[in-house]
Every structure is written in structure tokens, then in C-alpha cells.
Amino acid sequence: MKKYYVTVLTVLTIGVLMILIGWINGGSQMKTWDWDFFGAIESSKSQKGQHYHLQGRFNKINIDVYDADVKIQTGAKFSAEIITADKDTTLQSHIQNQTLNIAQSKSHKKLLTNFNLGWAKTNQPQINITVPNKSALNQIVFDSTDTHVQLKNLIINTIDLDNEDTTLTMANVIVKQKMVANDGDVRGQINNCRFNHLNVDCGDTNLKINKSHINSFISDTDDAKFYIDNSIIANWNLDSEDLDMLLTNSTLQHNNSIDAEDVNLKIRNINRDLSYHLSGDDSNIHYYNQHSDGTFVKNNSKKNRLAVDGEDLDVSIK
């Protein structure tokens, strides 16, 4: 019996030490684990994962994965390369009716903790998909969690992102119909892309948009940060609680509106044929050499307009 109590006390002591080490090394971040206690204890053992190629023609992609790195781009042929780092992460894939389906089997229960022990994290599965020409795909659909999505050199009809947490990188992509991002949180970069319609419905949003053209833009967020440079945006409807935006060397076309509680908006070198209607309960507005602490109206164009409505408004236009 005494030996039993000693064993229990030892286990509890180790548990407390692990919590303290995690707190010191990683702070109190919320982490999602694929929890395998005995796998963690034996983590020093090498575990053989998957590495295989799938070939065949497809024009649609469905991906359902967790904590993965996914790249889709133009290459030499139709191909899907799938790499997993450990034997417990299994990705199933097949092509049916010209649709590439990739789904991850989650063999371990996820455990939310408020400490960070680095040795318990699993390596990300790698998914590399290529198509032989830019226009080969009609649709890409994601239903994922904690995923890094990279899209490059594509012309596509629709993109649907329904994820919990997304890091997004897009370069040289044309979306002919629409792209919808319905995420818990999204962050990333969009470079040299063109969208007929872009809809971002997310919690926390942090996007850098450069050298891109958006014909219609709807964004509904909790906490939004936009950094936009050298781009053309038309018909932008932005609804957010907190907004921090830097808009430089760009053009706003047609009717654009921002509705947020707290607005920090800096505009530099934007098209002059743009009318403004800026109002807030507590306003600090600088328009070139003019200043207003109330509603500010400037009629520069009948065609292009920006309306901003917020409770706490801080706007600088130069």
C-alpha cells in the first residue's frame, strides 16, 4: 500500500513539474493537442509515417484535414503528394468523378490545455497538389482546422474555406466567380490576385493585400487588421468591432462602407475622385490639411464613395 501511495505521489509531482515547465516555456496559450499519453512518453522513438503520390485527372478538390500544410499550384502534371511524419496520422485520398478527396483520420482525442509543452505537438502533414495548367480546377473546398493554405498560379471558379484557424498565402490567383472564407481566425497574404467576389466572415482577421483587384468585397469580422497596397477594391462592405487599416497607393471604386465600433484608418496616396462621409461619436479626422472632430463630408466624385461610421473614429487621409 505504501508503494502505491509513493507511485501516485510521484506521478502527481511529475504532472505539476510538466505544467510549470510548460508555463515557463510557452506562457498560458491555448493549445490543441492530438493527445496520446503513452505516445508522448515514448516520443523519442521514431515513428514511420506516410509518403505517397496519387495521380489522375481532377477538376475539383475537397480537403478535410487537421493541422496540415497544404500547397496547390501549377506544376508538370496532375499529382497529389501526401507526407505524414508519424504513424498515428492517417490521410485517406482518392479521385472520384474528377474530384480529389483528401481526409484525415483523427485517431486521438484532442485535448485543450492552457500550457505549452513542445514535445507533445505533432508534426504537420504535408499535402502538395499540382495541376498541369492554371485553368485545370473549377473548385477548391476546405473543411479544416489549424491549416496553412498556399495557392499559387491558378485560375479557378470558386474557393470555399470553412476552417477553424487558417494561415492563407495566395499568389497569382484569379477567382472568376467567388471566394468565401468562413473561418474562426484568418491571417495571411494575398499578392497579385484578382477576385470577382471575395467574402471574408471570420473572427480575428489579419490580411495583407498587395497588387490585387477585388470587384466585390464583403468582410464581417470581430477584430480586423488590413494592410492594403497598390490594389483596386470596389464595392467593399466591411463590418467589424475593431478595425485597424492601412490603405496605400490604391483605388477605391463605387460604393464602399465601413461600420465598426473602434476605427483606426490611415489612407495614403489614394484616388482623388473619391467622396467621403465619415462620422463617429468620438471623431478625430484629418483630411490633408483639414481637421474635424465631428461628421466630415467631402464630395469629390459622384461615382466613387467611402462611408465610415464608428463610435471611436481615428482617420488620417493624406
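Once the gyration tensor of the Cα atoms in region 197-318 is diagonalised, the equivalent ellipsoid follows with semi-axes of 20, 17, 12 Å, ordered largest first.
Would region 165-205 count as rounded, prolate or oblate if I go by the C-alpha gyration tensor, calling it rounded below 1.5 in a/c and otherwise prolate when a/b exceeds b/c, oblate otherwise? It comes out oblate by the Cα gyration axes. A straight line joining the Cα centroids of region 121-151 and region 216-291 runs 32 Å.
Where a number appears in this text, it was derived from the coordinates with a stated rule and is not lab data. In this text, all values refer to a predicted model and were calculated from it rather than measured experimentally.
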